[in-house]
Amino acid sequence: MIDVFKLGAASVCGAIAALTAIVAGLLSDARLQIILGRAFCSFIVSGLVVYIAIFLFDRLGYASIIHEFEENWKNGEKEEEQAVGDKQETEENSEDSGEAGEETPQEESDSSEEGGFTPLQADELRHVATDQEE
């Protein structure tokens, strides 16, 4: 029996190929009969190629990769939702305490004194001279 997914994927890829052939034919000012013939041929050929590729992909056992990917994707979405929920809770807690907002600028200034980020000064930069100044 023909699998609906395989047939649908082949049809979609065939339709895209046919539309591409139609646009290319219209841009090259070809006759309508030639454009439609090429579009039909590209639909059939690309549809068959995609259907056979999916069939072989499924037959050789690579379909398990897709199922594993889908499971990992769903697990990643669940973990992301939990992380977003935790982040929202911490933001709500920090908004409730007004002292937390005042401490962050002091911590940043302390880190620059301890060897953290310091802005560059113009006299500390090296200037390179080129030979084109002659």
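The values are calculated or read from the model by the stated rules, or taken from the named source; none is laboratory data. All figures in this text were calculated on a predicted structure; none of them were measured in a lab. As a convention, Cβ positions derive from the backbone with ideal geometry for all residues, glycine included, and neighbour counts pool all protein chains shown.
Brief remarks follow.
- Residue match in the range 77-94 (condition: under 30 Å from Leu7 (Cβ atoms) and at pLDDT below 80): yes
- Selected residue [loosely packed, with under 14 Cβ neighbours inside 10 Å, among the aromatic types (Phe, Trp, Tyr) and without any contact (Cβ under 8 Å) to a residue 60 or more places away in the chain] from Phe43, Phe5: Phe5
- Against the conditions (1) more than 25 Å from the chain's Cα centre (by Cα); (2) surrounded by 13 or more Cβ atoms within 10 Å (Cβ to Cβ), Ser28 satisfies every one except (2).
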